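Participant: The following block contains the structure, expressed as structure tokens.
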Amino acid sequence: MKRITALLKNSPLAVVWNIFMLYVVYGVMRVAFLLENHSLYGHLTAGNPQWSIAEGAFYFDTSAIAYTNILYVVLVFLPLHLKENAVWQRICRGLFLVVNGLCMAVNLADCVYFQYTARRTTVAFFSEFGADDKLGSIVGYEFLHHWYLVLLFVALMLFLFFCYVTPQRKVVPLRRYYAVQTLSLLVGAYLCWAGMRGGWWDNRPIKISTANQFIVRPNDASLILNTPFSIIRTIGKSAYPRPVYFASEKELESIYSPIHYPSVSRNSSNSRDSSFTRKNVVVIFLESFGREYFGSLNKEILPGYKGYTEFLDSLMDHSVTFRYTYATGRASIDAMPSALSGLPMFVESFVAASHANNHLGGMAACLDSLGYETAFFHGAPASSLGFQGFTKATGFKHCYSQEDFEADSRTEGRAAYDNWWGIWDEPFLQYFRIKMSDMKQPFMTALFTLTSHHPFHVPEQYKKVYPEEEMPIHKTIRYTDHALRRFFSEASKEPWFQNTVFVLTGDHTNMSNHPEYKSGINQFSTSIIIYDPSGTLDSGIREGIAQQTDILPTILGIVGYDKPYMAFGCDLLNTPAEDTWAANYLDGIYQYCKGNYVIQFDGEKTIGIYRLTDYRMQHNLKGKVPEEARMERELKAIIQQYMERMITNRLIPDAQ
């Protein structure tokens, strides 16, 4: 035993031991969290432990421990022999105990506070309640009523205090000392960096919403997370403001409400009791496909322009699209919450926001209640961009990624990897088709393409077919357009094809070489194409405004969904053109389109209003248009509804 103790006092091993104790502490605190909120986790039993939760918890605990102990690691391994004295060691030990004691305090406090918020505490808590003079008394009250958590805190602090191992070293020979300390510092710093990110194998650090990819039920995400991580990862993030444009809830609801109450007769052909075969639904997100790349959508804006989407232009001859169509964000992670859950991107991306674990409905959950099989597809690794976590949180039953493609004997396997992001679009779209043919009808699927993303490569065999053009993205747009041609050609032979409605939309815009697409609102101009092979929809470009948040209500209208749901959009096929609208957020400015105009609003006042036909936004009509006041009022109601519902976790109707 003495030899083991002596060995542990070796500098690197002592630090490893002390860090290991923190994993034990975080594990105990997670058990305490589970027991304190056991009513929410009754589905987790000894016979159904769901080990993926433990896996996810390991990543998030590692990240929190790395963030909060990086200074401790640096101080212990600082290559300076003069620090080898009792005072320096007491400083290191004190830092270790104080920092981790604070982490334990907030973690255990959240065991109680969670029942009021249904999510882990973030840094927004301090801005929302920091000035509340009742906060101290509330904390004191909860301490008295949860004394056992206080005792647990004391016990864990004593555990760290008595089990802490103080590194002991001889400072000679100095050459060896400095070599060992420098190497230990470099290795320790690298491991902390990797730990903060949640691993070194993904291109993006883990975030709050990443927890969703390890769970089956949305509520389980908070069991995976820990409070120190949630606070740290939201520091510096823009908290959603809580506007009070309208003091009365009644007045606010009268101006705008995102809750939809469908009036579908149960005796209609689309009713749940009918023998009518419901439409399959396929939503395809096209990476970086801005409206600028389409020839058929630019006849008025850019006369004589042919574009880069020969197939999609031909498909639009048999589809429904709209005169003005907009994305709600400028990043890939904005498109799916918008199209699949009806959420715009205001202030910050929902997937990366501190409220990312709010209870959220969506197309998959709604259609699942009608008996649909649901699946999401993306050719990148499963952890990429947090897509898998989001889709699971919104009700998708299956998620297929690069790993699944490579494991399927019906595909090209690893040979189809682009050596950058994932599987080339052409083979992955064929995999998409094959998997849908395996599914039971009716089904709802969503797919996200990836080839038309920076660095804009095409497969070797297509480099001469699609050579470099004006901008690097153009050749990849042509390639993905070709991949879609092949997909629809092969899919048309499948038995499910004629009973399927397809929606294709660009996730956001990208590189532009036309000034018409560099102005405020037109930086969001994309496409929304609704294609029904059965021919039940009147094809053509319709008057009106379409945005990605309209996709959810439009699809639910097509399939006859008859329950209340939330979406910041409208059913495009059953809404008069003059009532369609779009809203988005650009660098602190809200933009709102309706009728013939777009207004720009800074949160307090309208700063500009332009005709939608003023594509370069050169003529500010502020103060000259009678619609300005009405549009500002409507936009304020939309913003307030969004912020209040996000802050109070009311993104699902009570009846849903």
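Participant: With a 1.4 Å probe and all protein chains kept in place, how much accessible area does L151 have, in Å² rounded to the nearest 10?
Facilitator: About 100 Å², ignoring ligands and nucleic acids.
Participant: Order the peptides 289-299, 102-112 from the highest to the lowest mean number of other Cβ atoms within 10 Å of their residues.
Facilitator: With the highest mean Cβ count within 10 Å placed first, the list reads 289-299, 102-112.
Participant: Going by accessible area, probe 1.4 Å, with all protein chains left in place, what is the ranking of R120, R616, R242, largest first?
Facilitator: Working: R120 15, R616 110, R242 135 Å².
The ranking, largest first, comes out as R242, R616, R120.
Participant: Report the accessible area of I206, computed with a 1.4 Å probe over the heavy atoms of all protein chains in place, in Å² rounded to the nearest 10.
Facilitator: Around 20 Å² of this residue is reachable by solvent.
Participant: Please work out how much length the chain gains when fully extended from L573 to V180, using 0.36 nm per residue of separation minus the C-alpha to C-alpha distance, in nm with one decimal.
Facilitator: Details: separation 393, 0.36 × 393 = 141.48 nm, distance 6.98 nm.
Going from the current span to full extension adds 134.5 nm.
Participant: Run lengths n ≥ 4 of DSSP H only: what is the helix-derived mean residue ellipticity at 222 nm for the chain, with -39500 (n - 2.57) per run over all residues, to the nearest 500?
Facilitator: That comes out to -13000 deg cm²/dmol.
Participant: Over 41 Å apart: what share of the alpha carbon pairs of the chain falls there, rounded to a whole percent?
Facilitator: Numbers: 75809 of 214840 pairs.
More than 41 Å apart: 35 percent of the Cα pairs in the chain.
Participant: Quick check: the distance between the Cα centres of segment 287-352 and segment 456-516, to the nearest angstrom?
Facilitator: What the calculation gives is 13 Å, centre to centre.
Participant: Any chance you could run the full-extension gain for D538 through A247? It's 0.36 nm times the residue separation minus the Cα-Cα distance, nm to one decimal. Provide the component values of the computation, followed by the final result.
Facilitator: Details: separation 291, 0.36 × 291 = 104.76 nm, distance 4.34 nm.
Separation in residues times 0.36 nm, less the Cα-Cα distance, equals 100.4 nm.
Participant: Rounded to a whole number, what % of the accessible area of the chain do carbon and sulfur atoms account for, probe 1.4 Å? Numbers along the way, then the final one.
Facilitator: Values: 16460 of 28230 Å².
That share works out to 58 percent.
Participant: Hey, with R₀ at 30 Å, roughly what FRET efficiency would Q461 and A407 work out to, going by the Cβ-Cβ distance, to 0.05?
Facilitator: Values: r = 24 Å, r/R0 = 0.80.
FRET efficiency, Q461 to A407: 0.80.
Participant: May I pose another question? If each residue of separation counts as 0.36 nm, what is the full-extension length gain between L71 and H514 once their alpha-carbon separation is subtracted?
Facilitator: On the way: separation 443, 0.36 × 443 = 159.48 nm, distance 4.95 nm.
Taking L71 through H514 to full extension adds about 154.5 nm, to one decimal.
Participant: Moving to a separate point now. So what's the gap between the Cα centers of segment 592-652 and segment 555-579, to the nearest angstrom?
Facilitator: If we compute the Cα centre of each part, the gap is 21 Å.
Participant: Top to bottom by accessible area (1.4 Å), largest first, where do V150, V187, V76 land? Write out the running numbers ahead of the final one.
Facilitator: Values: V150 50, V187 70, V76 5 Å².
Largest to smallest exposure gives the sequence V187, V150, V76.
Participant: Continuing with the same structure: Give me the accessible area per residue for the chain, probe 1.4 Å, as a whole number in Å². Display every interim value, and only then the final one.
Facilitator: On the way: 28230 Å² over 656 residues.
Value returned for the chain: 43 Å² of accessible area per residue.
Participant: Please work out how much accessible surface K605 shows to a 1.4 Å probe, ignoring ligands, DNA and RNA, in Å² rounded to 10.
Facilitator: We get 110 Å² for K605.
Participant: If you don't mind, another one. How high is the FRET efficiency between E494 and A629 when r is their beta carbon distance and R₀ equals 51 Å, given to the nearest 0.05?
Facilitator: 0.45
Participant: Now a separate question. Measure nothing but the geometry: give the 0 to 90° angle between the long axis through the Cα atoms of 174-197 and the longest principal axis through the Cα atoms of the chain, rounded to 10°.
Facilitator: It works out to around 40 degrees.
Participant: Among 575-586, 245-256, how do they line up by average Cβ neighbours within 10 Å per residue, starting with the highest?
Facilitator: Details: 575-586: 19.1, 245-256: 12.9.
Packing order, densest peptide first, comes out as 575-586, 245-256.
Participant: Compute the long axis of helix 332-341 from its Cα atoms, compare it with the longest principal axis of the Cα atoms of the chain, and write down the angle in degrees, 0 to 90, nearest 10.
Facilitator: 70 degrees
Participant: Need one number: nm distance between label points at S52 and L80, each 7 Å from Cα along Cα→Cβ, rounded to one decimal.
Facilitator: The modelled label-to-label distance comes out at 4.8 nm.
Participant: In what sequence, largest accessible area first, do T62, T445 appear using a 1.4 Å probe?
Facilitator: Values: T62 30, T445 0 Å².
Putting T62, T445 in descending order of accessible area: T62, T445.
Participant: Quick check: from the Cα gyration tensor, does segment 551-656 come out rounded (a/c under 1.5), prolate or oblate?
Facilitator: Values: a/c = 2.69, a/b = 1.56, b/c = 1.73.
Oblate is the answer for segment 551-656, as a/c is 1.5 or above yet b/c matches or exceeds a/b.
The values are calculated or read from the model by the stated rules, or taken from the named source; none is laboratory data. Here the structure is a predicted model, which is why all the values come from computation and not from measurement. Glycine gets a Cβ as well: all are built from the backbone with ideal geometry, and neighbour counts include every protein chain shown. What goes into the accessible areas is simple: the full protein's heavy atoms, side chains included, and nothing from ligands, DNA or RNA. Shrake-Rupley method; radii C 1.70, N 1.55, O 1.52, S 1.80 Å.
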